[in-house]
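These notes are about the structure you will find just below.
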Amino acid sequence: MPQTAPPLVLTVAGSDSGGGAGIQADLKTMLALGVHGMSVVAAVTAQNSVGVQGYWELPPEAVRAQLDSVLGDIGVHAVKTGMLASAALVETVAERLDGVEAPVVVDPVGVSKHGDALLQPAAVDAVRSVLLPVATLVTPNLWEVEQLTGVKVVDESGLRGAAEAVLALGPRAVLVKGGHLPGEPADLLFDGEREHRFTAPRHDNRHTHGTGCTLASAIASHLALGADVPDAVARAKEYVTGAIAAGFPLGAGIGPVDHGWRLRGDRSPR
């Protein structure tokens, strides 16, 4: 019997040799949520549980060739971008995605979980000027909001102002992630008209490597499955919350979230 392909989701990001974030996290998330994941490698990191020891970006022509291969033959139902490292890569990806009809979720990765810079200073301007305008949704954390707009959020009341500042850069919607604020984690989704707030329990688990990549990929997956943006964010938040609860130790530092927590019938989130 002929088979029908599941929805198709493309990640354009960096490789995490430790397997907890980046393209590895994206593809695990996509598999867990029932879509077919495809990848364009933009950079390679030497990375483990204690930090990023180095990274090397791919030439723009290699990234462009990967994009052309997937988009020209297979197509996509959603795209997620992550670590793009340099202005040249940001511009290459933005140019190729401009005009793609599928929703584009931009995770403006600027720093790793361990505080290591993953975006060159010159690339920040390129993210502002050419990548965010092609985004259906951008998912910055509070540090990335400040990096992109200069707006510093110190409590939950500042989330709306931060969202408005990011929205002014051109995306259709923004999800400001407030997980680093005191109290229960609260995220704000804003599209210029409608505001949605999402809360979740804060789990006592330090093993949270890959949360940002996982959330953006989960949102892209649910968009590909047919959800609208607010519903995709809500469903992705539920998945990520379970993955954080089930995060496990790895190496000597911060372990990853568990992308397969729903797939283990004998294992519930800790």
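The values are calculated or read from the model by the stated rules, or taken from the named source; none is laboratory data. From a predicted model like this one, the values you see are computed outputs, not experimental measurements. Note that we place each Cβ from the backbone using ideal geometry, even for glycine, and neighbour counts take in every protein chain shown.
Values computed for the structure shown
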item: Residue ranges of strands (runs of 3 or more DSSP E) in the range 166-270 with at least 1 members touching a Gly at 6+ places or on another chain (Cβ under 6 Å); result: 186-190
item: Tally of residues being part of a loop (DSSP other than H, G, I, E, B) and polar (S, T, N, Q) across the range 1-29; result: 3
item: One residue from ASP204, ASP187 being closer than 22 Å to TYR239 by Cβ and touching a strand residue (DSSP E or B) at 6+ places or on another chain (Cβ under 7 Å); result: ASP187
item: Tally, over the range 245-270, of residues that are under 17 Å from LEU27 (Cα atoms), surrounded by 15 or more Cβ atoms within 10 Å (Cβ to Cβ) and at pLDDT below 95; result: 1
item: Answer from LEU10, LEU31, LEU27, LEU89 - the residue that is under 25 Å from PRO121 (Cα atoms), among the aliphatic types (A, V, I, L, M) and at pLDDT 95 or above; result: LEU89
item: Conditions (1) buried (at least 22 other Cβ atoms within 10 Å of the Cβ); (2) in contact with a strand residue (DSSP E or B) (Cβ under 7 Å, 6 or more places away or on another chain); (3) farther than 21 Å from VAL104 by Cβ; number of the one not met by GLU195; result: (1)
item: Lone unmet requirement of (1) modelled with pLDDT of 95 or more; (2) more than 14 Å from GLY22 (Cα to Cα) for THR81; result: (2)
item: Leading residue by the ranking (surrounded by the fewest Cβ atoms within 10 Å (Cβ to Cβ)) among those in the range 161-192 that are closer than 26 Å to HIS259 by Cβ, of a type in the set (D, E, K, R) and modelled with pLDDT of 95 or more; result: ASP187
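Table: residues versus (1) touching a helix residue (DSSP H, G or I) at 6+ places or on another chain (Cβ under 8 Å); (2) farther than 16 Å from THR241 by Cβ; (3) in contact (Cβ under 8 Å) with a residue 24 or more places away in the chain.
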site: VAL111; (1), (2), (3): yes, yes, yes
site: PRO121; (1), (2), (3): no, yes, no
site: ARG128; (1), (2), (3): yes, yes, yes
site: THR139; (1), (2), (3): yes, no, yes
site: VAL151; (1), (2), (3): yes, yes, no
site: CYS213; (1), (2), (3): yes, no, yes
